[in-house]
Amino acid sequence: MLKDTNLGSGPLGPADLELSAMAEDKSGSRPDPRGVSLFKKATAAQSDVTMDLATGREIFANALPSIFLNPIRVWESLGAVELDAARLTRNGLFIEASDHPAAVGFDILRTRLLHGLAEKGWRRIAVTSPTHGCGKSFVAINLALSLARRPSSRSVLIDLDLRHPEIAATLGLTEDRALGEFLSGEQPLEGVFRRFGKTLALGLNGEAIERASETLHDPDTVAALTAMVEQLDPEVVLYDLPPALVSDDVLALGSSVDAVLLVTDGTKTAPDDIRAVEKMLDGRIPLMGVVLNRAQDFNAGRYRYAKK
């Protein structure tokens with residue numbers, strides 16, 4: 001699994017990329033997906049229908065066929081957004097490939113994450129931190145942008161920090177998107193999600209939700225997120241969640257994630273904070289790895305390429 005990945009001032013080196021075994025995968029049935037407005041259920045042949053004489057309702061001798069969805073059509077239904085690459089780069093966010101040490105670090109994190117997911121057959125990752133201010137959203141966005149640079153890939157980034165949504169503002173997008181309306185089933189997928197380029201779908205949120213924990217516990221939310229995965233069929237889904245020790249939101253979403261990526265701050269996160277998160281997740285959600293943000297790596301220069 002990913003272990004203590006360092007995203008400090010220099011790029012990661014081989015010594016920072018130690019691997020260890022991940023926890024066992026979870027099992028369980030998946031709820032039936034919801035449809036989106038562009039994609040309707042097929043109807044049964046007329047010969048398969050009889051009538052209930054008591055109620056007058058139709059009775060189908062055979063089960064209705066499952067929803068047939070073409071993920072390519074679903075992706076095409078999402079409205080496209082443009083991002084200001086120069087503005088984001090100044091803020092440490094990398095849309096394009098770069099030899100900047102931080103961008104290199106995120107590319108290495110991307111590759112290690114993909115290897116770990118492939119090993120376990122996972123794709124739904126919750127990104128959280130022990131406490132506020134560790135840079136979890138910064139890591140989630142950069143990791144999503146790094147994944148999006150892979151050709152012929154599909155990744156999703158969703159802002160599920162429902163109390164303090166900030167991904168849209170961080171990306172410089174001012175459109176109001178009420179993610180809660182998708183989670184409750186009031187809006188279809190293409191009414192809320194947006195697409196950057198051809199490989200990254202964004203579930204942005206423009207307004208805080210007061211009953212955030214209850215929303216994440218709601219079966220409608222589980223059904224909506226399950227439908228999203230089935231309709232978009234992404235390789236990776238990143239859920240940006242609130243800090244793990246501040247609320248029960250991470251545990252509330254447990255049935256909808258495969259593992260947790262924990263972002264820590266090299267300047268303020270205490271070892272006890274990490275142990276507290278590990279204890280909280282133990283037996284509930286696998287901890288896939290720990291990312292060390294704002295760390296100083298004085299040996300990073302050994303791994304930097306440079307022209308002479």
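The values are calculated or read from the model by the stated rules, or taken from the named source; none is laboratory data. Since the structure is predicted, the reported quantities are computational estimates derived from the model, not experimental observations. All Cβ positions, even for glycine, are placed from backbone atoms using ideal geometry, and neighbour counts span all protein chains on display. These accessible areas exclude ligands, DNA and RNA; they are computed on the full protein's heavy atoms, side chains included. Shrake-Rupley method; radii C 1.70, N 1.55, O 1.52, S 1.80 Å.
Tell me the net charge near ARG150. Cut-off is 12 Å between Cβ atoms, ARG150 excluded, with +1 for each Lys or Arg and -1 for each Asp or Glu. My count for the surroundings of ARG150 gives +2. Less than 5 angstrom separates the built amide H of ARG195 from those of GLY79, ALA80, VAL81, LEU202, all sequence-distant by 5 or more or on a different chain. Accessible area of ASP99 (1.4 Å probe, protein heavy atoms only, ligands and nucleic acids ignored): about 140 Å². Can you work out the FRET efficiency for the pair LYS268 and THR174, with r the C-beta to C-beta distance and R0 = 25 Å, to the nearest 0.05? Calculated transfer efficiency: 0.20. Checking the Cα-Cα distances for LYS136/LYS198; LYS198/LYS279; LYS120/LYS279 against a 27 Å cut-off, the pairs over it are LYS198/LYS279.
Scalar couplings 3J(HN,Hα) for the stretch 283-291, obtained by applying the Karplus form with A = 6.51, B = -1.76, C = 1.60 to θ = phi - 60°, are x, 10, 9, x, 8, 6, x, 10, 9 Hz; x denotes Gly and Pro.
Protection proxy ranking for 110-123, 192-205, using the average of other Cβ atoms within 10 Å per residue and placing the highest first: 192-205, 110-123.
In this label model, THR111 and ARG87 are separated by 3.2 nm, measuring between points 7 Å along each Cα→Cβ vector.
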